[in-house]
Amino acid sequence: TRQRQSTTGPLYTSKKNDRARMEKSWEHMMGEDWREFRAHLVAREHVEEDIAMSGSNISNNSKKNGKQQQSSTPKEVGKLISGAISSMFSKGDASKKEEAGDTAMATQAKQKEDSINIFDGYAVGGATHFSKIEVSSSCSDPFMDDEQCHIIYDEPDVKLDKHRWAHPLFHVEPGSILVANEKLGGVFHQTVVLIIDHNENTGSTGMVINRPFPGNLIKTASDTESNIDLSLKMAFSKAPVAYGGPVMQDQFSTLHGFGEVMGSKKVCPGVFVGGSSQLMQEVRRNNLHPTEVLFVKGHAAWVPGQLTREIEKGVWYIAAASADLILRYAGAPVSKDDNPSDLWADILSCMGEKFENIAVAHSGRGDDRMLP
């Protein structure tokens, strides 16, 4: 009789690890990251809002009288000044001249508006920037209407940098990040916290991902109190270490992008925590470099309702971010557009104008520090 293959031996576990790695790679190649799809929609909404705002501003400006408008050319400025001076000396014709000047400037503004907006086809007859001519229904999915088909299957109108994106969220979810308000002090000053678990009934846990320690695992584990296994310490001697939060600082957890190996948890597409024993096997098989795993010392925790109260008070900005930004200190690639030493400011810059202004005004300390 044939013997059953062992489900606990090293050969079996290595195959499981290989499968986990392949599944993660396939998910990336096939573009099945639902968070990227949501980021596409958010980016598209921003484009539509900008277009609508631009049209609204021009329309409002054209309705204002000549005195309220700012002239865009020196000639128009000269007309405005000369009209004001002449009105000081000729009271009788002042109202007529003023009315004529207002009419002329309103006409110029209207012509400028028409030349900018009408001939590009936007806002004409209800058309938008994304309007298209459809000869017939192109949707072959019986469970979707045409609009849903376009959202799912069309080539996106807005290009998304898969390496570098972030946008605000209105709710907390596993895999989301908390970006510290610029006014927050203490150990969480300018930190970025990855949410691992979130439940209104049981509470929330997370880990700080932008406070690297000045040394590798072998040094940090030797210099500070920890209960890390010796074999793990030796295999990952060169692995980076970060401050994860004020709770259980003698405990280490791992953050990586290898795959959902045994003992790990998929936090969001491309981002995993745990599974250190399986990762150690992959290091020994030369399938994983120690610097591609971030050892996080301690974590953050909230009792039920606590995180919600902190968010309502403005302590945190909630956001979704790309896997490469989340794994900045776990071996993810860094591009020329990145700020490799300030993840807090980098993510805020990706989140949009309001947050970018905050980053510009308050950045400078960088990630490589333990105190505010």
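Annotations for the structure displayed:
- If the condition is being free of Cβ contacts under 8 Å to residues at least 40 places away in the same chain, open to solvent by 70 Å² or more (accessible area, probe 1.4 Å) and either closer than 21 Å to ALA20 by Cβ or touching a His at 6+ places or on another chain (Cβ under 9 Å) (or both), then the stretch 223-271 contributes only LYS266.
- Here the stretch 191-206 is the region considered, the condition is being part of a loop (DSSP other than H, G, I, E, B) and in contact with a helix residue (DSSP H, G or I) (Cβ under 8 Å, 6 or more places away or on another chain), and the residue that is surrounded by the most Cβ atoms within 10 Å (Cβ to Cβ) is THR191.
- Scan of the stretch 24-36 for residues that are open to solvent by 80 Å² or more (accessible area, probe 1.4 Å) and at pLDDT 70 or above, ordered by number: TRP34
- Evaluating GLY331 against the criteria (1) more than 21 Å from TRP165 (Cβ to Cβ); (2) touching a residue at least 40 places away in the same chain (Cβ under 8 Å); (3) not hydrophobic (A, V, I, L, M, F, W, C) leaves one unmet condition, (1).
- Residue check for ASP337: among the charged types (D, E, K, R) and over 18 Å from VAL241 (Cα atoms): yes
- Filter pass, GLU182 being in a loop (DSSP other than H, G, I, E, B), at pLDDT 95 or above and touching a His at 6+ places or on another chain (Cβ under 6 Å): yes
- In the stretch 340-359, residue most open to solvent (accessible area, probe 1.4 Å) [restricted to those that are without any contact (Cβ under 8 Å) to a residue 12 or more places away in the chain and either within 22 Å of PHE295 (Cβ to Cβ) or over 13 Å from the mean Cα position of the chain (by Cα) (or both)]: LYS354
- Within the stretch 207-222, considering residues that are part of a strand (DSSP E or B) and not small (Gly, Ala, Ser), the one most open to solvent (accessible area, probe 1.4 Å): PRO214
- The set of residues in the stretch 281-327 being within 17 Å of SER253 (Cβ to Cβ), out of contact with any His (no Cβ under 7 Å at 6 or more places or on another chain) and without any contact (Cβ under 8 Å) to a residue 40 or more places away in the chain consists of LEU288 alone.
The values are calculated or read from the model by the stated rules, or taken from the named source; none is laboratory data. These numbers come from a predicted model, not from an experiment. For neighbour counting, all protein chains shown are included, and Cβ atoms are generated from backbone atoms with ideal geometry for every residue, glycine included. Accessible surface areas use protein heavy atoms only, side chains included; no ligands, DNA or RNA. Shrake-Rupley method; radii C 1.70, N 1.55, O 1.52, S 1.80 Å.
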